[in-house]
């Protein structure tokens, strides 16, 4: 048996994760060619690197098929019900910062808060005969947030990419999306609601609570956490 | 794990017994499809229903919802073909998505009884409550009752603008936003900075950016005009807010609650008709042998979960088992028939309706625990 560590398989998130572990004496690397999703771990025995899409890591942690995983807090909270009974946050990694926010057209000078959004949604529904559409891929997080704050008369429409463009294309009236600098929002003539911050997310190392561990695995895990200085 | 020790066969047998009792009380047995068009339910409940119901879809019919309760399909069926007055009973699975608590059942049987009768609402309320109360006899449940109608009457009677009353009515079932609105209308919470700046701006559209999306510049301007109007409106008086608070806090036995409500209606005359309805209902309940003197009335009961109810509401709870949902719930839903009738192009088919449901598996769980 080995401890399986799930890491995003692509791009900056993978590189920065490799850097974070490398700085702590655990060298992660991709085995073979660029296109091969296999990895190698140097500096500790008994740990296996599994390269996965960041969006699949929450599910794999929940199923206990990997014991450790690096992914965004946004994805864990969106995809896992009762997430903190399924996974444990070991350490925020200090990169991959992104805020999940609600944004509306800058044209809506009358809308600055959720209270305004709710009132605008009621008027929109009365006028257009449909609930105000908010484009997002974070359905659960957005719905819970809006319910918590008592916003009604809206509907979520699914958008898996180019979400900021949906308003101009008239497939949504507002968006709920991840932003780091806000540049894309501004370029698309959108503004963030002053109380529209749903979640501050960053890349985080998670441990699966329900994964089976042998005695040896537990020793490896304890050793690894000490070396990562997060025990 | 409330429902899991109960076998499906036992649950079905219990459900059949309950339905037979409702039938004996004069109800016609009806059924409803398990898959309902999602759009109707989404329009009624809003996006929140997605967190509580399972939605599936196909390329032909679009989104379908696994029946979260029977009320909506039974009302639709009645409005299509029902004769009046009508009494219906049904028994079948309902499905509830559970995202936070794995111990809660996501599929269970519900047995219900619904009365469509415009003659004597108090008697119909009492009939439903007494029948269900009788069926639950011996389980030592705590019955709670309330009346959403008293709160809506109080809101309708507030001395403020029609727009404010409408906004409060819209959030009766969202106590937190309701409270925020009251605080704002009463001038208790500060005007947000951005709102103040907007109202003071000579050209509110100065930084507006281009016109994009379906909500037009004209709609934005219309709301700004409304905000100006609202800023000029007199604040809700402290006295009225105090009365509303006192009303929401009423929680005592029905005779005491009625006395209290009569006192409040001196200063809140708008609630008088609603108080009379509660009184008439209490008399009708007493006539059916309900111990009204010890029955509880909570003015806020049902405000968070029972959104289509707009009058009498009730629930039967297992005391000492806060882990269990209510064993039975019900209430009056006149507005639902109005909305579904309007949606079907028949607003004139509105009909006062009251009903309730029992969860057999919870009855069996309690019987087993008590045995």
Out of all the residues in the stretch A:177-188, is one or more surrounded by fewer than 24 Cβ atoms within 10 Å (Cβ to Cβ), at positive phi and at the interface with another protein chain (Cβ under 8 Å from one of its Cβ atoms)? no
Could you grab me the full set of residues in the stretch A:144-176 that are assigned to a helix (DSSP H, G or I), under 17 Å from residue A:74 (Cα atoms) and either in contact with a strand residue (DSSP E or B) (Cβ under 8 Å, 6 or more places away or on another chain) or more than 9 Å from chain B (Cβ to nearest Cβ) (or both)? A:145, A:146, A:163
Mind listing whichever residues of the stretch A:206-218 are free of Cβ contacts under 8 Å to residues at least 60 places away in the same chain and closer than 16 Å to residue A:44 by Cβ? A:218
Could you please let me know if residue A:43 is surrounded by fewer than 15 Cβ atoms within 10 Å (Cβ to Cβ), farther than 18 Å from residue A:94 by Cα and under 18 Å from the mean Cα position of the chain (by Cα)? no
When the residues of the stretch A:44-64 are filtered to those that are touching a helix residue (DSSP H, G or I) at 6+ places or on another chain (Cβ under 8 Å) and farther than 20 Å from residue A:75 by Cα, which remaining residue is modelled with the highest pLDDT? A:47
Does at least one position in the stretch B:207-217 carry a residue that is within 14 Å of chain A (Cβ to nearest Cβ), in contact (Cβ under 8 Å) with a residue 24 or more places away in the chain and farther than 30 Å from residue B:142 by Cβ? no
Of the criteria (1) modelled with pLDDT under 95; (2) in a loop (DSSP other than H, G, I, E, B); (3) out of contact with any strand residue (DSSP E or B) (no Cβ under 8 Å at 6 or more places or on another chain), which one residue B:158 fails: (1)
Which helices (runs of 4 or more DSSP H) sit wholly inside the stretch B:184-294 and have at least 1 residues that are under 26 Å from the mean Cα position of the chain (by Cα) and surrounded by fewer than 19 Cβ atoms within 10 Å (Cβ to Cβ)? B:238-248, B:254-267, B:272-287
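Restricting attention to the stretch B:52-64, report how many residues are more than 10 Å from residue B:96 (Cβ to Cβ) and within 14 Å of chain A (Cβ to nearest Cβ).
Going through the stretch B:52-64 one residue at a time, the tally reaches 4.
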Determine whether the stretch A:195-205 contains at least one residue that is in contact (Cβ under 8 Å) with a residue 40 or more places away in the chain and within 11 Å of chain B (Cβ to nearest Cβ). yes
Among A:115, A:110, the single one that is at the interface with chain B (Cβ under 8 Å from one of its Cβ atoms) and at pLDDT below 95 is A:115
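How many of the residues in the stretch B:66-114 are within 14 Å of chain A (Cβ to nearest Cβ) and without any contact (Cβ under 8 Å) to a residue 60 or more places away in the chain?
Total satisfying the criteria: 8.
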Could you check residue A:134 against (1) more than 7 Å from chain B (Cβ to nearest Cβ); (2) surrounded by 20 or more Cβ atoms within 10 Å (Cβ to Cβ); (3) more than 20 Å from the chain's Cα centre (by Cα); (4) within 15 Å of residue B:214 (Cα to Cα) and say which number it fails? (3)
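Yes/no per residue for (1) part of a loop (DSSP other than H, G, I, E, B); (2) more than 21 Å from residue B:136 (Cα to Cα):
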residue: B:18; (1), (2): no, no
residue: B:40; (1), (2): no, yes
residue: B:44; (1), (2): no, yes
residue: B:56; (1), (2): no, yes
residue: B:60; (1), (2): yes, yes
Which residue, of A:77, A:140, A:127, is at the interface with chain B (Cβ under 10 Å from one of its Cβ atoms), touching a helix residue (DSSP H, G or I) at 6+ places or on another chain (Cβ under 7 Å), under 30 Å from residue B:189 (Cβ atoms) and modelled with pLDDT under 95? A:140
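Looking at A:63, A:91 in this structure, which one is surrounded by fewer than 18 Cβ atoms within 10 Å (Cβ to Cβ), touching a strand residue (DSSP E or B) at 6+ places or on another chain (Cβ under 6 Å) and farther than 27 Å from residue A:192 by Cα?
After ruling out the rest, the residue left standing is A:91.
The values are calculated or read from the model by the stated rules, or taken from the named source; none is laboratory data. The model shown is predicted, which means the values in this text are computed figures rather than measured ones. Cβ: placed from backbone, ideal geometry, glycine included. Neighbour counts: every protein chain shown.
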